[in-house]
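The structure appears below as structure tokens.
The values are calculated or read from the model by the stated rules, or taken from the named source; none is laboratory data. Since the structure is predicted, the reported quantities are computational estimates derived from the model, not experimental observations. So basically every Cβ, Gly included, is an ideal-geometry build from the backbone, and we count neighbours across all protein chains shown. For the accessible areas, the whole protein counts, side chains as well, though only heavy atoms, and no ligand, DNA or RNA atoms are used. Shrake-Rupley method; radii C 1.70, N 1.55, O 1.52, S 1.80 Å.
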Amino acid sequence: MDIVERFLNYVSFDTQSAEDADTTPSTAKQLKLAEYLRDELKGIGMTDVEMDENGYVYATLPANTDKEVPTIGFISHMDTSPDCSGANIKPRIVKAYDGGDIVLDAEAGIVTSPAKFPELLDHVGQDIIVTDGHTLLGADDKAGIAEIVQAMDYLINHPEIKHGRVRVGFNPDEEIGLGAHKFDVKKFECAWGYTMDGGELGELEYENFNAASAKVEVRGVSVHPGYAKGKMINAARVAAEFAAEMPVTETPEQTVEYEGFYHLLGIEGNVEHATLSYIIRDHDRQRFEQRKAFVQKAAEWLNERYGQGTVTVTINDQYYNMREKIEPVPHVVNIVLDAMKACHIPSRVRAIRGGTDGAQLSFMGLPCPNIFAGGLNFHGPHEFLPIPSMQKASELVVKIVELTAQM
């Protein structure tokens, strides 16, 4: 089976995760792909293949050398984003893309255009996989799975490439921030690992945001508006005041690269009660802590104005910048850079303006940078996957395994 066929098989499974669930996986349909992958890994000759009760799939490629080589791992997630349907995906291969508009659904007028998505122009002449305009594609992260499985199959069938023990892991629920929560790092038993979950060809990421969620609750006092002077506290209006305290230039739509932000996810309320939901992000840990303190301070200002207990803030840290765990082990990154050079892949080292399972895994004791999987425009109907990028990613996995054995 070639890598394209593998990928197309995987996207036939609807594996959309759900943020409001309290089970693992968050949707039972993810288990169907997990079972398929378990059987496929057994079929290509992997050992120690298992699927646990939470839908995590683990397998081993045994070493074929007597040399002492560190065990490394490759990880991808099975779920697709709740932001867009992942059911009944109808992928199509555009042969030798000509640089023009790609009509996804002529009748509905859905078009992927380089005028809006200029990154398409980096792939002129290549075969690319697109959607029909009504679902996401699922390259995030089924491309990563295909690349890992294809690489393991290649290594099994090319014993002349000497390598140490390699582990693979496929997990659910990454898109809702829970992919690493029940990942068994101890059982995975690797010196370090890599998530194959990045975007464009050549991307290598070992920095990400420090992240927290903030829930703001406002308790008002409802009084007949005709007799409200000095008595009413309008919770909805106080919530609007709270939102106005956040710096207008420090939002996602106003920031790039290493700039952090406060992101208002939602606001709802009435006179008696209102809530605001935020996420707080910054690459720098000190500025991250300052941002959290600023949110608390905004609540204190409003409580001084309207009375103690009017505004309460609950902040929960979500993940931290993996850089502090990767920098002490630079060889983990250097091996990838050397492998990219050997595979003639231009490296693009960048910081993630988001998170990754690798960040959480790094703080769980498994240093785990993130490597490109090749797809672009994730989480929507304009998602596309250049086939050469997927092929190069799989080639890169093979080369990383090979170079690790030569350390």
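Which residues does the label zone of ALA87 cover in the range 108-147, counting backbone N under 15 Å from a point 7 Å along Cα→Cβ? Output list for this probe position: 134-136.
Multiplying the residue separation of ASN270 and GLN318 by 0.36 nm and removing their Cα-Cα distance gives an extension gain of 14.4 nm. A value for semi-axes √(5λ) of the Cα gyration tensor in Å was derived from the coordinates, and within the list (1) 30, 29, 25; (2) 42, 25, 20; (3) 37, 32, 19 it appears as (2). Specify the residue with the greatest mean-square fluctuation among LEU376, LEU366, LEU264, computed from a Gaussian network of the chain linking alpha-carbon atoms under 10 Å apart. Highest fluctuation of the listed residues: LEU264.
Please tell me which of these pairs span more than 31 angstrom C-alpha to C-alpha: LYS182/LYS325; LYS187/LYS399; LYS95/LYS399; LYS29/LYS116; LYS90/LYS341; LYS187/LYS392? Walk me through the intermediate numbers first.
Working: LYS182/LYS325 20 Å; LYS187/LYS399 25 Å; LYS95/LYS399 28 Å; LYS29/LYS116 34 Å; LYS90/LYS341 35 Å; LYS187/LYS392 29 Å.
The pairs that break the limit, which is 31 Å between Cα atoms, are LYS29/LYS116; LYS90/LYS341.
For the chain, adding -39500 (n - 2.57) for each run of n ≥ 4 DSSP H residues and dividing by the number of residues yields -9000 deg cm²/dmol at 222 nm. One chain, two ends: ASP284 and GLU5. Fully extended at 0.36 nm per residue, the span grows by 96.3 nm beyond their Cα-Cα distance. Counting only alpha carbon atoms, the long axis of helix 235-245 and the longest principal axis of the chain meet at about 60°.
Under a 5 Å amide H cut-off, with hydrogens placed 1.01 Å from N, ASN321 pairs with ASN210 among residues at least 5 apart or on other chains. Per-residue surface analysis assigns SER347 an accessible area of about 70 Å², computed on protein heavy atoms at 1.4 Å probe radius.
Build a GNM of the chain with springs between Cα atoms under 10 Å apart, and of VAL313, VAL248, VAL166 the one that fluctuates most is VAL248. The alpha carbon gyration tensor of the range 106-238 gives principal lengths a ≥ b ≥ c with a/c of 1.5 or higher and a/b no greater than b/c, which makes the shape oblate. If a/c stays under 1.5 just call it rounded; otherwise compare a/b with b/c (prolate if a/b is bigger, oblate if not). Do that for the range 1-83, with a ≥ b ≥ c from the square roots of the Cα gyration tensor eigenvalues. Since a/c reaches 1.5 and a/b is larger than b/c, the shape of the range 1-83 is classed as prolate. Residue order by solvent-accessible surface for PHE378, PHE209 is PHE378, PHE209, largest first, with ligands and nucleic acids left out and a 1.4 Å probe. Over all other residues within a Cβ to Cβ distance under 11 Å of ASP173, the charged ones net out to -4, with Lys and Arg as +1 and Asp and Glu as -1. 3J(HN,Hα) couplings calculated from phi for the range 51-58 with the Karplus curve 6.51 cos²θ - 1.76 cosθ + 1.60 (θ = phi - 60°) are, in sequence order, 10, 7, 5, 9, x, 7, 10, 10 Hz; Gly and Pro show x. Please say if the range 313-396 is rounded, prolate or oblate, where rounded means a/c under 1.5 for a ≥ b ≥ c the square roots of the C-alpha gyration tensor eigenvalues, and otherwise the choice is prolate for a/b larger than b/c and oblate otherwise? Here the range 313-396 falls in the oblate category.
Tally Lys and Arg at +1 and Asp and Glu at -1 over the other residues with C-beta under 10 Å from the C-beta of ALA298: what net charge comes out?
Details: positive: LYS297; negative: GLU241, GLU245, GLU300.
Taking every other residue near ALA298 into account, the sum is -2.
Taking every alpha-carbon pair under 8 Å whose residues sit at least 6 apart, the range 227-301 reaches a relative contact order of 28 percent. Between the helical axis of 285-306 and the longest alpha-carbon principal axis of the chain there is an angle of about 20 degrees.
Where does the charge balance sit around GLU53 when Lys and Arg score +1, Asp and Glu -1, over other residues with C-beta under 12 Å from its C-beta? Please report the intermediate quantities before stating the final value.
Numbers: positive: LYS182; negative: GLU50, ASP52, ASP184.
Local charge sum for GLU53: -2.
When the GluC sites (Glu not before Pro) in the range 147-178 are filtered for DSSP coil states and for at most 10 other beta-carbon atoms within 10 Å of their beta-carbon, the remaining sites are GLU160.
Quick one: length gained pulling VAL256 to ASP184 fully straight, 0.36 nm per residue minus the C-alpha distance?
Numbers: separation 72, 0.36 × 72 = 25.92 nm, distance 3.42 nm.
Gain in length upon complete extension: 22.5 nm.
Which parts of the range 287-316 would a label at VAL221 reach, counting a residue when its backbone N lies under 13 Å from a point 7 Å out along Cα-to-Cβ? Taking a point 7 Å out along Cα→Cβ of VAL221, the residues of the range 287-316 whose backbone N falls under 13 Å are 305-310.
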